[in-house]
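The values are calculated or read from the model by the stated rules, or taken from the named source; none is laboratory data. Predicted model only: the values in this text are computed from it and were never measured. Quick reminder, even Gly has a Cβ in these numbers, built from the backbone with ideal geometry, and neighbours come from all protein chains shown. Ligands, DNA and RNA are excluded from the accessible area calculation, which covers all protein heavy atoms including side chains. Shrake-Rupley method; radii C 1.70, N 1.55, O 1.52, S 1.80 Å.
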Amino acid sequence: MSLEVNDLTIAFGDQVVVDHIGFEVPDGARVGIIGQSGSGKSLTTLAVLGLTPRSARVTGSIRWNGRELVGLADKVLAGIRGRTIGTVFQDPMTALDPVRTIGKQVTDALRNHYDLSKAELRERAIRALDQVKLEDPESFLGRYPHQLSGGQRQRIAIAQALIAGPRLILADEPTTALDVTVQAGVLQVFNELVTGLGSSLLFVTHDISLLPLVAEQALVMEAGRIVERGPVHQLIDRPQDPVTVGLIEAALATAWVDGPGEGERAPSGTGAEVRV
Amino acid sequence: MTQYVLRRVALFVLGLVLTSALVFALLRVLPGDAAQVMGGVKATPERLDQIRAAYGLDRSLPAQYGSWLAGLLHGDLGQSLITGVPIKDEITQKFALTLPLAGLSLLFSLLIGVPLGIASAVYYDTKLGGFASAVAQGLAAIPIVWAGLLLIILLGKGAGLLELLPSQGFPRTGWSEPGRAFASLILPALAVGIVEGAVILRFVRSALLEARGQDHVRTAAALGLTRRQALIRRGLPGAGPAILSVVALQAASLIVGVVVVEALFALPGMGSMLVTDVGNRDLIKVQSTVLVLVGLVLLIGLLVDIASRLIDPRQRRAGE
Ligand SMILES: Nc1ncnc2c1ncn2[C@@H]1O[C@H](COP(=O)(O)OP(=O)(O)OP(=O)(O)O)[C@@H](O)[C@H]1O
Ligand SMILES: [Mg+2]
């Protein structure tokens with residue numbers, strides 16, 4: 001099952017924020033999208049899901065498994081979302097439902113798409129939480145997001161997105177909001193699960209240093225366009241576009257601020273993190 | 001949770017005490033004299049003094065307040081200065097009309113406000129949604145008296161265009177004829193319900209519009225709900241406590257609305273009684289009635305706070 005994007009354009013009024021981009025995620029491939037804040041990465045992933053803001057005008061083509069998704073009725077798209085395409089969002093503090101238990105929301109995709117018994121759901125929930133390496137998974141079932149740490153929540157967001165075994169996984173900066181030390185663990189769990197499922201992956205990040213860990217191919221976006229693309233190691237070793245160079249420098253600066261691998265980076269949003 | 005409930009109940013009692021002092025003080029600065037009303041215009045000054053002494057109106061204000069409060073503590077609301085009837089009996093009797101009227105008004109306001117609020121948020125970017133919210137804006141701003149008059153003109157028996165429902169009075173037989181009694185409450189409750197419902201509508205709408213942009217609502221859609229399902233099933237419960245608290249805040253204006261429509265529709269409930277008693281300067285009775293009404297509003301606030309604590313896990317502390 002492959003994802004083919006052609007001529008995708010997203011505009012708010014006459015402001016074009018994604019500008020005629022095209023790329024492909026072949027079956028089982030792992031593709032990264034990298035770019036600075038505001039370059040259009042999130043909107044591109046949301047367009048695949050049919051979840052761009054209502055005020056956005058989406059044109060072009062997104063084919064999933066041969067089927068055109070652009071312009072498809074929301075009802076039909078909903079049948080794809082969570083079942084064959086799973087999504088992990090950026091901010092674990094807000095992406096989970098504050099008033100429902102973990103046990104409930106982690107099985108949402110199953111309940112939306114399949115008819116399972118209560119016992120089966122419970123068993124699947126425990127297994128999913130176990131797979132993201134949460135200790136004593138059963139104890140999480142009755143808890144609420146506000147009782148958990150950021151890392152725990154993001155593991156739950158991952159379990160939730162992957163529970164129905166999607167063939168394509170969209171990950172929009174799934175570890176950006178986390179502390180570096182926590183980040184590594186979450187990324188490892190995520191990687192193992194994706195490998196286990198053998199699914200395709202579209203991984204969005206602004207941190208180029210994460211790319212080699214998660215993708216073979218990558219696209220560099222800037223102001224709604226793809227300015228460079230190719231194998232990850234090539235992008236890092238021999239960047240052609242100034243934007244790519246800039247992203248590498250930003251990553252190096254962050255690494256330097258953090259110290260070699262063990263620094264305590266301030267959580268994103270405090271302004272302490274380096275984004276060029 | 002128990003601790004929270006205890007604290008909240010203490011607050012409720014404190015609110016009642018403060019209200020009692022406020023109501024007492026306010027009524028003493030009101031011009032007019034109960035003794036004069038009782039004695040009639042021709043009463044001599046000596047006669048007026050006699051009356052005042054008989055009802056304790058000659059005592060100092062703190063003494064009057066103290067004895068009223070002491071009575072309240074024993075569940076004794078005092079006696080009417082004018083008729084001598086125990087106030088508790090009369091209030092209980094009037095409640096048989098006022099409570100169902102208030103309940104029906106609340107029901108109408110929720111039936112109008114919640115579903116239409118949801119619809120106007122879901123269809124907010126269509127012409128219909130815009131129209132609905134403009135209508136709500138307008139309705140929320142009109143006085144309940146106008147809404148009542150309009151309903152009487154449109155639907156009321158005797159005066160109305162359609163002559164569908166009774167618009168004046170309450171059957172003498174009371175609730176022994178439930179159909180007729182109920183019918184006479186529909187229009188007044190609708191008048192309150194439309195105006196209060198419009199306020200709730202606007203609030204539900206804005207809470208849902210806010211939920212539309214929330215991350216977890218988007219997550220719900222990404223897991224396989226349609227956008228609309230995600231908004232209603234996941235966005236609405238999050239807004240639940242906020243909506244509940246608005247309903248509680250509206251309780252006060254709902255009670256005031258009930259008092260107003262009782263007068264307008266000639267219903268012999270607490271509201272009509274209050275209007276008469278103020279005219280008669282029946283101080284103790286007005287005092288006690290207002291206190292009971294305010295107590296009712298405070299009680300609704302108390303129940304809503306506890307309910308919203310129960311439905312919102314974020315407000316509960318660990319282990320509760
Ligand atoms: N609802 C909206 N209305 C108008 N403009 C929007 C809206 N949502 C996003 N944009 C604009 O679209 C552009 C791309 O946004 P997008 O969220 O895709 O960026 P991004 O690459 O994901 O950035 P980040 O790394 O900060 O998440 C930005 O310039 C943003 O200002
Ligand atoms: Mg983004």
With +1 on the Cβ of every Lys and Arg and -1 on the Cβ of every Asp and Glu, the dipole magnitude of the protein assembly as shown about its Cα centre, in debye rounded to the nearest 20, is 1660
With a ≥ b ≥ c from the Cα gyration tensor eigenvalues, square-rooted, and the rule rounded for a/c under 1.5, otherwise prolate when a/b > b/c and oblate otherwise, chain B is oblate
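Of all the accessible heavy-atom surface of chain B, with the other protein chains kept in place and a 1.4 Å probe, what percent is carbon and sulfur? Mind dumping the intermediate values first?
Details: 10840 of 15680 Å².
Percent of accessible area from carbon and sulfur atoms in chain B: 69.
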The answer for A:Ala29, listing residues at least 5 apart or on another chain whose modeled amide H is closer than 5 Å to its amide H, is A:Leu201
Inverse of <1/r> over all distinct C-alpha pairs of segment A:1-83, i.e. the Kirkwood Rh in Å, gives 13.2
Rounded to the nearest 500, the 222 nm mean residue ellipticity computed for chain B from DSSP H runs (n ≥ 4, each -39500 (n - 2.57)) alone is -25000 deg cm²/dmol
Taking r as the C-beta separation of B:Ala252 and A:Ala56 and R0 as 56 Å, the FRET efficiency to the nearest 0.05 is 0.85
With every protein chain kept in place and a 1.4 Å probe, the protein assembly as shown has an accessible area per residue in Å² of 46
In degrees rounded to 10, the 0-90 angle between helix B:87-122 Cα long axis and the longest Cα principal axis of chain B is 20
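Using helices alone, I'd like the mean residue ellipticity at 222 nm for chain A: each DSSP H run of four-plus residues gives -39500 (n - 2.57), total over residue count, nearest 500. Show your work: numbers first, answer last.
On the way: 11 runs with 103 residues, N = 276.
Rounded to the nearest 500, the figure is -10500 deg cm²/dmol.
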Rounded to the nearest 10, the angle in degrees between the Cα long axis of helix B:61-73 and the longest principal axis of the Cα atoms of chain B comes to 60
For A:105-115, A:128-138, B:46-56, B:173-183, ranked highest to lowest by mean beta-carbon neighbours within 10 Å, the order is A:105-115, A:128-138, B:46-56, B:173-183
Taking the square root of 5λ for each eigenvalue of the C-alpha gyration tensor of segment B:95-281, the equivalent ellipsoid has semi-axes, largest first and in whole angstrom, of 37, 17, 14
Within the set B:Lys94, B:Lys285, B:Lys42, GNM on chain B using Cα springs under 10 Å gives the largest fluctuation to B:Lys42
The long-range amide H neighbours of A:Glu228, using H built 1.01 Å from N in the peptide plane and a cut-off of under 5 Å, are A:Val220
Here the net charge surrounding B:Val41, from other residues whose Cβ is less than 15 Å away from its Cβ (Lys, Arg +1; Asp, Glu -1), is +2
Helix B:283-311: inclination vs chain B longest Cα principal axis, degrees, rounded to 10, gives 20
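Probe radius 1.4 Å, ligands and nucleic acids left out: can you give me the accessible area buried at the B-A interface, summed over both chains, in Å² to the nearest hundred? Display every interim value, and only then the final one.
On the way: alone 16920 and 12940 Å², together 27520 Å².
So the buried area, both faces added, is about 2300 Å².
Can you bin the protein assembly as shown into rounded, prolate or oblate? Criterion: square roots of the alpha carbon gyration tensor eigenvalues sorted a ≥ b ≥ c, rounded for a/c under 1.5, prolate for a/b above b/c, oblate for the rest. Kindly include the intermediate steps, with their values, before the conclusion.
Values: a/c = 3.10, a/b = 2.41, b/c = 1.29.
In terms of gyration-tensor shape, prolate.
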So the carbon and sulfur contribution to the accessible area of chain A, 1.4 Å probe, in percent, is 51
